[in-house]
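The values are calculated or read from the model by the stated rules, or taken from the named source; none is laboratory data. No experiment lies behind these values; they were computed from the predicted model shown. Here the Cβ positions follow ideal geometry from the backbone for every residue, glycine too, while neighbour counts run over all protein chains shown.
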Amino acid sequence: MRILYFLSFLLLTSCFSEEKVDIGSSNTFIRYYNGGYNDEPVTISKTIDNGYIILSNIALNDGRYKIKLIKTDDQGNSLWTEIYPKFNLTRLDTSRLSRRAFGLLVLADGSYVLTGEDINFKTNQSQALVMTVGSEGNETNNKIYSFPFSGSVRGKAIIENTSNGAPGYIVLGEVDNSVNNMVVAEINKSDLAQKWVRSYGSGQSALTNKLFLDSQGNIFFGGTVVRQNNRKVRLVKVRQDYQTTDFDLTIGDPQFNEFGNDICRYGFGFAVIGTTNKNGDNDILFQRLSEDGTVIGTPVIFPIKTTDGIDVPGNKNGNAISVTQDGGLLLAGTVQSDDAINFGRGGKDLYLIKIDAFGTPTWQKDIGSRTDDVSVAALQADDGGYVVLASTTLAGLKTIMLLKTDNNGNIQ
């Protein structure tokens, strides 16, 4: 059940760079990307040329942030890296040069659209940000939105919209406010001008960076909401430019904390991965939802055991979920190592669970180094293997890690 990989000095010195690294073509790989600061990976998508685009944020030593995009080939070899705003080596950056991104959209022409936040370094208040980037990483446009709501606003997800007049983008925003804590807006594709904006919700919310649009123009999104001092999975449906929601559902056992950390379209509804403390320690939670928010079947708490059948104690978190080619799902989480039962390599490990279309696990894999390795996003590669974006620590810095397994979760 476990894969234990050793990080040799040669591997560290050859991969600890953002320049192109060609270690040779293979079905599986592990790659690292860092530029001298702490990197916080956010998400990954396939590109139109069968490579990958990685969205990350750089945490600077003075508390500011910059956005990073890394374009790779299908083997994870870096083709280019761009930082927004670029580092200014001749003068101090102003208060407007602190930005983070959370949502990534790949367009059919190979260009990209990001959404996130523009942070005023002096006040620590945020406004929503949308930025367009060319296929080679050049920034082509950006716009900051002063939505009329109290509290900081950050863009969390973005999707293209062609269902209502001129082409545009639907943007999902998260507001630091217990009332009107979610924002949905539409902007023009041509000039990023705002077409409409609406606010929803109550109870502090942490939204995923996923947004869904059906053929009737209905918008779906989810995450976690705080209600009556407990955290619950949230699923919301709204119609374009409507002031009220069709539904805003709180899903989960009211006695426990249950987080919705990632969501994907699955069948005629959705699949959610998250975390529950129903059994004491945090455990990986999986559940299916219909399009109206009804829970399908029984939510699943996955047991994690050693090869000897011993239950692994400590906290486990479900972080990412992705549909697979066989109609199943890949779940990516994080589990705490435990020397007492000879589980893991130290710190936190990645934990992958492959389930079939009936929700039955077909394999589970523990992948880890001696430092904290935390899964962030996952998807299936064209050859049937699985790609996982994660963070790890190298030379004392949080570092982006990209790994690809074969179709059974192995790294060779």
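Couple of notes before you dig in:
- As a summary of the residue check, Asn188 satisfies the conditions (1) at pLDDT below 95; (2) under 23 Å from Asp118 (Cβ atoms); (3) more than 24 Å from the chain's Cα centre (by Cα) except for the one numbered (1).
- Where a residue in the range 381-410 is more than 20 Å from Thr334 (Cβ to Cβ) and its partner, wherever it lies, is among the acidic types (Asp, Glu), with Cβ under 7 Å and at least six apart: Gly385/Asp406
- Positions within the range 94-135 being of a type in the set (Lys, Arg) and assigned to a strand (DSSP E or B), in sequence order: Arg99, Arg100
- Test: residue in the range 275-295 that is acidic (Asp, Glu), touching a residue at least 40 places away in the same chain (Cβ under 8 Å) and loosely packed, with under 14 Cβ neighbours inside 10 Å: yes
- Across the range 350-373, not a single residue is classified as in contact with a helix residue (DSSP H, G or I) (Cβ under 9 Å, 6 or more places away or on another chain) and free of Cβ contacts under 8 Å to residues at least 60 places away in the same chain.
- Subset of the range 222-254 [under 24 Å from Ser163 (Cβ atoms), over 21 Å from the mean Cα position of the chain (by Cα) and not acidic (Asp, Glu)]: Val238, Arg239, Gln240, Tyr242, Gln243, Thr244, Thr245, Phe247, Leu249
- Filtered residues of the range 359-385 (kept if more than 19 Å from Phe286 (Cα to Cα), surrounded by fewer than 24 Cβ atoms within 10 Å (Cβ to Cβ) and in contact with a strand residue (DSSP E or B) (Cβ under 7 Å, 6 or more places away or on another chain)): Ser369, Arg370, Thr371, Asp372, Ala381, Gly385
- Residue in the range 21-30 that is modelled with pLDDT of 95 or more and either hydrophobic (A, V, I, L, M, F, W, C) or under 21 Å from Gly137 (Cβ atoms) (or both) present: yes
- Considering (1) modelled with pLDDT of 95 or more; (2) surrounded by fewer than 16 Cβ atoms within 10 Å (Cβ to Cβ); (3) of a type in the set (Val, Ile, Thr), the lone condition that Thr334 does not fulfil carries the number (2).
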